[in-house]
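Peer 1: Sending over a structure as structure tokens; questions will come in a sec.
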Amino acid sequence: MCGIVAYMGEKQAYPILINGLRRLEYRGYDSAGVALLREGDLNVYKCQGKVSDLEAHTMGKELGGTVGIGHTRWATHGPPNDVNAHPHQSTSGDLALIHNGIIENYAAIKEELLHRGHSFQSDTDTEVLVHLIDDIQRSEGVDLAEAVRLALNSVVGAYAIVVLDRKDPDVMVAARKSSPLVIGIGDGEHFLASDATPIVEHTKNVVYLEDGEIAVIDRRKGLKIRNIKNQVKTPFIQELEMHLETLEKGGYDHFMLKEIHEQPRSIRDSMRGRLNLAKGEVVLGGITDYEQKFVQAKRILIVGCGTSWHAGLVGEYLFEELARIPVEVEYASEFRYRNPVINEDDIVIAISQSGETADTLAAIELAKGKGATIIGICNVVGSSIARVTHAGSYTHAGPEIGVASTKAFTAQVTVLTLMALMIGQRKGTIAGSRFHRLLNELDAIPAKVEKVLQGEAQIKYIADIYKEASNALYLGRGYSFPVALEGALKLKEISYIHAEGYPAAEMKHGPIALIDEEMPVFVIATKGASYEKVVSNIQEVKARKGKIIAIVTEGDTVVDGLADHVIGIPDTADPLVPLLSVIPLQLISYHIAVMRGCNVDQPRNLAKSVTVE
Ligand code: G6P
């Protein structure tokens, strides 16, 4: 959470910072600020609200300077207000610092600094760190980089920071631990950011700072990296594969809508080079070295949060059915704190769009420490999770900017399907004919998603009918149960309607009490193993006057006669239904949220990348 960006070069920093902050706004958007160094002045502007509010706030102010830092916040310590917004400054006003993460021992450090005469303006942990650096700089008589290094040695927690010093305007110091930081290397200029999106339009050459590293960017001497133990590190420069157009709305009203519509392509990209119909095989290059481990695995644990956890649940059904390996799906946040039993022959699959989710990262470290093999499924190339796992397969969904995850979910499910198919085939747990049928069906999925998207007008019509609902229920069985959970999550997170996902049969054990004529009930009732059972569940809802919106297989006439609305999706094999049935649910949530006037891409209180536990 929180996005940070910094610039040093020949150009004016302010427009680069503002543009960068807009790109990073998905990481938090309750307050924003910049600090600019110009001719011996350090100008700091910050305010509550979004980056657009910051722009209004800075109107007419001195915005010159070729060095600067910027921050967009998701509040942890202290409410979102002007004072708690970053950058934070030392008492002298010489230092300005931006921070993404949490300084866990800030209270103890603060107390010590209060004794030493420091006073604080904000409620944040970050302000403590800038005072600590300032204190060390003065008491030890060291330069900024060394003061940052010494300060970080006494800090417990997670951070990506950038610090400016008015006394040394040609130097910028950055450091990271457990929060991401990317350095862009341009021609006579350097960029720093929480991810590569603010950098890509300026340079494709980047260095991903490693945990415990400190980067010193000096206008004259360029970039130097060392770690907090003072060992010199050689920067590893990589080329970005990101394209600018993937970061723009491309004619859509919202990123979320664009990302929903990108799914035929993103699913195809996640299969490209992996599914070979001609040869009748699946090859996931990133995990071939671990194939044997999978084949011998006694158990698979899947960890993730939010939508990624829902994808993990689909993975459970896939691996158990196709590869006959027992699977447990865990919320990373629960798993990490309950002393789980983990064995060396366990495989842990960590799923994360951002690759930065703090709880998922911690769950990986825990399982790794106990000797398990960790396989990552991440979307962001070079992200922390992608780097700490033993092996993995990227989803190739492209940057996902809308806070509500859509194309990342279908890309995760696609990769899980490929994985389960590949392992199932190696283990001999899928009959050859079924394997080939599933490969063909999977290959046909992007075109079928396209077809579902063509039904958007009907979905919009249904959204209009239910836009004022206060509650909604989502029901599904088997592979469609995780989709019911995901549909409910989509609705609540962007339209603020209370929604619950339930296994359709479990409805009788509680939620049925809520059903009346006001309650929309979304039911996934596609043809397949549990079809008849779900039809019975629909009857039960109907008998209580609930309004039924059913996702059915095209041509279904039975449910058509029962439900208030049916949305047809193309027929496919049971394990692949989630890739199609989730699409109408994403669209319904999107349109309801728009009709209710909600900020679809930046829903209240949420952030896309949750780098705090
Ligand atoms: C946040 C996002 C969700 C996402 C979850 C897990 O809550 O708003 O969209 O599913 O984090 O994030 P990850 O990046 O690990 O998939």
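The values are calculated or read from the model by the stated rules, or taken from the named source; none is laboratory data. All values derive from a computational prediction rather than experimental measurement. Cβ atoms come from the backbone with ideal geometry, glycine included; neighbour counts cover every protein chain shown. For the accessible areas, the whole protein counts, side chains as well, though only heavy atoms, and no ligand, DNA or RNA atoms are used. Shrake-Rupley method; radii C 1.70, N 1.55, O 1.52, S 1.80 Å.
Peer 1: Determine ³J(HN,Hα), in whole Hz, for all residues of the range 358-368 in sequence, where each value follows from phi through the Karplus function 6.51 cos²θ - 1.76 cosθ + 1.60 and θ = phi - 60°; x replaces Gly and Pro.
Peer 2: Values, residue by residue: 4, 5, 5, 4, 5, 5, 5, 4, 4, 5, 5 Hz.
Peer 1: Among the GluC sites (Glu not before Pro) in the range 82-158, which ones are in a DSSP loop with at most 16 other Cβ atoms within 10 Å of the Cβ? Mind listing them?
Peer 2: Glu104
Peer 1: Something else: Scan around Ile349 for amide H atoms under 5 Å from its own, H built in the peptide plane at 1.01 Å from N, and keep only partners 5 or more places away or cross-chain.
Peer 2: Amide H neighbours of Ile349, under 5 Å, 5+ apart: Leu301, Ile302, Val303, Ile375.
Peer 1: How much net charge surrounds Gly546 when only other residues with a Cβ under 11 Å from its Cβ are counted (Lys, Arg +1; Asp, Glu -1)?
Peer 2: So the surrounding residues net to -1.
Peer 1: Here is a follow-up. How fast does the range 294-406 diffuse by Stokes-Einstein, in µm²/s, taking the Kirkwood radius from C-alpha pairs at 4 °C and 1.567 mPa s?
Peer 2: D = 94 µm²/s.
Peer 1: Next question. Looking at the range 290-329, which GluC sites (Glu not before Pro) are in a loop (DSSP not H, G, I, E or B) and have at most 13 other Cβ atoms within 10 Å?
Peer 2: Counting only loop positions with at most 13 other Cβ atoms within 10 Å, none of the GluC sites (Glu not before Pro) in the range 290-329 qualifies.
Peer 1: Let me have the relative contact order for the chain, percent, based on Cα pairs under 8 Å that are six or more residues apart.
Peer 2: Relative contact order here is 12 percent.
Peer 1: What is the percent carbon and sulfur in the accessible area of the range 3-246, measuring with a 1.4 Å probe over the protein chains and ignoring ligands?
Peer 2: 49
Peer 1: In sequence order, what are the phi-derived ³J(HN,Hα) couplings for the range 208-213 according to the Karplus relation 6.51 cos²θ - 1.76 cosθ + 1.60 with θ = phi - 60°, rounded to whole Hz, with x for glycine and proline?
Peer 2: 8, 5, 8, 4, x, 9
Peer 1: Give me the net charge for the shell around Tyr29: Cβ to Cβ below 9 angstrom, other residues only, Lys and Arg +1, Asp and Glu -1.
Peer 2: Working: positive: Arg27, Lys50, Arg73; negative: Glu25, Asp30.
Surrounding charge for Tyr29 is +1.
Peer 1: In a shell of Cβ-Cβ distance under 15 Å around Tyr590, excluding Tyr590 itself, what net charge do Lys and Arg (+1) and Asp and Glu (-1) give? Walk me through the intermediate numbers first.
Peer 2: On the way: positive: Lys249, Lys258, Lys407, Lys460, Lys467, Lys490, Lys492, Arg596; negative: Asp253, Glu259, Glu262, Glu400, Glu456, Asp464, Glu486, Glu493, Asp601.
Around Tyr590, the surrounding residues sum to -1.
Peer 1: Taking H placed 1.01 Å from N in the peptide plane, check which residues at least 5 places from Ala75 or on another chain put their amide H under 5 Å from its amide H.
Peer 2: The answer is Asp30.
Peer 1: Only Cα pairs under 8 Å and at least 6 apart count here; give the relative contact order of the range 455-613 as a rounded whole percent.
Peer 2: About 28 percent, as a whole number.
Peer 1: Report ³J(HN,Hα) in whole Hz for each residue of the range 97-111, in order, from the Karplus equation J = 6.51 cos²θ - 1.76 cosθ + 1.60 where θ = phi - 60°; Gly and Pro get x.
Peer 2: Listing the rounded values in order: 9, 10, 8, 10, x, 9, 8, 5, 9, 5, 5, 5, 5, 4, 4 Hz.
Peer 1: Then there is this: Let me understand the chain better: what is its radius of gyration from the alpha carbons, and its Dmax, in angstrom?
Peer 2: Values for the chain (Cα only, Rg and Dmax): 25.4, 81 Å.
Peer 1: Given N residues in the range 249-450, what is its alpha carbon radius of gyration divided by 2.2 N^0.38 Å?
Peer 2: 0.98
Peer 1: Specify whether the C-alpha gyration tensor of the range 163-282 places it in the rounded, prolate or oblate class, a ≥ b ≥ c being the square roots of the eigenvalues: rounded for a/c under 1.5, otherwise prolate if a/b is larger than b/c and oblate if not.
Peer 2: Judged from the Cα gyration tensor, the range 163-282 comes out prolate (a/c at least 1.5, a/b above b/c).
Peer 1: Between helix 306-318 and the chain, what is the angle of the helix's C-alpha long axis to the longest principal axis, kept within 0 to 90° and rounded to the nearest 10?
Peer 2: The two axes meet at around 40 degrees.
Peer 1: Let's test the formula: R0 of 56 Å, r as the Cβ-Cβ distance of Lys224 and Arg434. What FRET efficiency results, to the nearest 0.05?
Peer 2: Between Lys224 and Arg434 the formula returns 0.45.
Peer 1: Okay, next question. Mind checking the range 449-537 for GluC sites (Glu not before Pro) that DSSP puts in a loop (not H, G, I, E or B) and that have at most 16 other Cβ atoms within 10 Å?
Peer 2: Loop-located and lightly packed - Glu468, Glu517, Glu518.
Peer 1: To the nearest 10 degrees, how steep is helix 144-153 against the longest Cα principal axis of the chain, on a 0 to 90 scale?
Peer 2: That helix lies at roughly 50 degrees to the long axis.
Peer 1: Something else: Angle check, please: helix 531-543 long axis (alpha carbons) against the longest principal axis of the chain (alpha carbons), in degrees 0 to 90, nearest 10.
Peer 2: Compared with the principal axis, the helix lies near 80 degrees.
Peer 1: Moving on to the next point. Do any of Lys177/Lys229; Lys527/Lys547; Lys427/Lys527 go past 19 Å between their Cα atoms, and which?
Peer 2: Lys527/Lys547; Lys427/Lys527
Peer 1: On a 25 Å Cα-Cα criterion, which of the cross-link pairs Lys407/Lys451; Lys293/Lys370; Lys233/Lys293 come out too long?
Peer 2: Pairs exceeding the cut-off: Lys233/Lys293.
Peer 1: Among 71-79, 591-599, how do they line up from the highest to the lowest mean number of other beta-carbon atoms within 10 Å?
Peer 2: Per-residue Cβ counts within 10 Å, averaged per peptide and sorted highest first, yield 71-79, 591-599.
Peer 1: Quick check on the chain: helices-only [θ] at 222 nm, where DSSP H runs of length 4 and up contribute -39,500 (n - 2.57) each and the sum goes over total residues. Nearest 500, please.
Peer 2: -11000 deg cm²/dmol
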